[in-house]
Each structure stands twice: as structure tokens, then as C-alpha cells.
1. Which residue pairs have Cβ atoms closer than 6 Å, lie 6 or more positions apart in sequence or on different chains, and pair a first residue in segment 157-182 that is within 10 Å of ASN34 (Cα to Cα) with a second residue that is open to solvent by 70 Å² or more (accessible area, probe 1.4 Å) and assigned to a strand (DSSP E or B)?
2. Within the bounds of segment 191-203, is there any residue that is more than 23 Å from PHE106 (Cβ to Cβ), open to solvent by 20 Å² or more (accessible area, probe 1.4 Å), over 19 Å from the mean Cα position of the chain (by Cα) and at pLDDT below 95?
3. Could you grab me the full set of residues in segment 49-79 that are outside any loop (DSSP other than H, G, I, E, B) and either more than 19 Å from the chain's Cα centre (by Cα) or surrounded by 13 or more Cβ atoms within 10 Å (Cβ to Cβ) (or both)?
4. If you take the residues of segment 7-19 that are of a type in the set (A, V, I, L, M, F, W, C) and open to solvent by 90 Å² or more (accessible area, probe 1.4 Å), which of them is modelled with the highest pLDDT?
5. Just give me the residues in segment 99-123 being surrounded by fewer than 19 Cβ atoms within 10 Å (Cβ to Cβ) and among the polar types (S, T, N, Q), in sequence order.
6. Being among the hydroxyl-bearing types (Ser, Thr, Tyr) and either in contact with a helix residue (DSSP H, G or I) (Cβ under 6 Å, 6 or more places away or on another chain) or crowded, with 16+ Cβ neighbours inside 10 Å (or both) is the filter here; which residues of segment 177-188 pass it?
7. Restricting attention to segment 20-34, does a residue exist that is farther than 19 Å from ASN138 by Cβ, part of a strand (DSSP E or B) and at pLDDT 95 or above?
8. Given PRO181, PRO114, which one is in contact with a His (Cβ under 9 Å, 6 or more places away or on another chain) and outside any strand (DSSP E or B)?
Amino acid sequence: MQLLIIRFILNILFLVVVPIMTQLNFKITTTWNNQSINHEPVNFSLDSDDSNLLIKIDGPFFNDPPKPSQNVGEFFNLWDYEVTEVFFLNEEGKYLELEFSPHGHFISLFLKGPQDVVRKGLIFDYKSEISENRWQGNARIPEAYFPSNISKFNAYAIHGSGENRVYESLFPTPYGKYENPNFHRLEYFRQIDLKNLLPQNYNRLNDSELWTGDQNESEK
């Protein structure tokens, strides 16, 4: 009997001491049209810190195209450079687009329907570091930036110039179905459950004021 009690106490202590793992990990291993890539994949993880989603990126550094001439920070045309992108979508068709550069540039876009940007210019904490042929990025995204009740997502990586431009996707489109890449084909996004990471996103009935307020306010 005493042995059973001791085991019970040890099990309780284990649950208290060992936290539930909530981090989600992903690798981008295919091109936009579902072909295998020929290099080490971009890895990224999702975690949380209070009311923020933490995104950590680790991937190969191609240095192609070269670093943008703009100062480090927000940069609207980032998709024309070397970049990793993560999109978060809800059932209403609203989605948050986040882009991260090896050189420290970033951007956030609010969209209501495919390529329908309704807000841009909101900054967030982001730092990156290049080490020889790899780079790491760390971003902290406020929960209020996300449309309520996130249910699907996708992620992308781009590098190269001209005819050697390479577009990669976590959840690609079928091979041969389209002639050109388009990262806003929302029907190919897949399910994700962020309830353990961003419970606030699922506990509120409506979007944050950033989604419902003056859409031009962030650009003033």
C-alpha cells in the first residue's frame, strides 16, 4: 500500500515539474508545386510566450538575391528577396501574412480574402543572425495580430534570382496543376491547432481592434 502511495506522489510531482510540450516543429521540404528540394530544408518552430507567438527559423543561407539596400526593419517588398513566410488563416478567410529575412527585415500583412490587404505596417520584435551558410531568425508576434480562431496555415521559403528563383512550400499545390506559384491559394492550407500556444485567440468572440479599427491607422 505504501508503495502505491509513493508511486502516486511521484506521478503527481512529475506532472508538476515536467511541463506539457507545446512547441510545434516543421520543415519545408518541397517546392511550391510538390517537387523535392535539393538542399537542406528551412526549419521553423512555433512556441508561445505569454500572449505572443514565438517563431524560430533555422535554414540555409543562399545570399541570393543580395541583402536589400533598405535599413533593417520593416520592408514591404521583402518577397522579392531571400525570405521565409508563414501565413495563418481562419474559417472566415481572414489571414495574417508574416515574412522574415536573413538580414533582419520583416513585414506583417492583414488580409481578408486572397491577396486583399487591409492593413500593413504593424511592427513586431524580430532579430536574425547569419552564420556562414546558415541563418536563424526569432520573432515575437502579439496575439492581437492574428484573426480570431486560427484554423489553418502554410509556410514558404524563397531564394535565388531570375530564372534560378526557387519557391518552396510546406503544403504545396499538386504538380502540373498551375504554371506559376501563388502563395495565396488558401485551399491548400492545412489544419493547425494553436489552442495550447495562443488560447486567447480561441477564447474571444471577435477579432482584436487591430482588425476592426481604422485600417490606415498603422501607416500614420
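The values are calculated or read from the model by the stated rules, or taken from the named source; none is laboratory data. What you see is a predicted model; the values in this text were computed from it and never measured. When we count neighbours, we look across all protein chains shown, and the Cβ atoms used for this are built from the backbone with ideal geometry, even at glycine. Quick note on the areas: whole protein, heavy atoms, side chains included, nothing else; ligands and nucleic acids left out. Shrake-Rupley method; radii C 1.70, N 1.55, O 1.52, S 1.80 Å.
1. So the pair list comes out as PHE171/ARG190.
2. Yes, there is a match, as at least one residue in segment 191-203 is more than 23 Å from PHE106 (Cβ to Cβ), open to solvent by 20 Å² or more (accessible area, probe 1.4 Å), over 19 Å from the mean Cα position of the chain (by Cα) and at pLDDT below 95.
3. Across segment 49-79, the qualifying residues are ASN52, LEU53, LEU54, ILE55, LYS56, ILE57, ASP58, GLY59, PRO60, GLU74, LEU78, TRP79.
4. Residue satisfying both the conditions and the ranking: PHE8.
5. Within segment 99-123, just GLN115 meets the criteria.
6. Correct list: TYR188 only.
7. Yes, that holds for at least one residue.
8. PRO114
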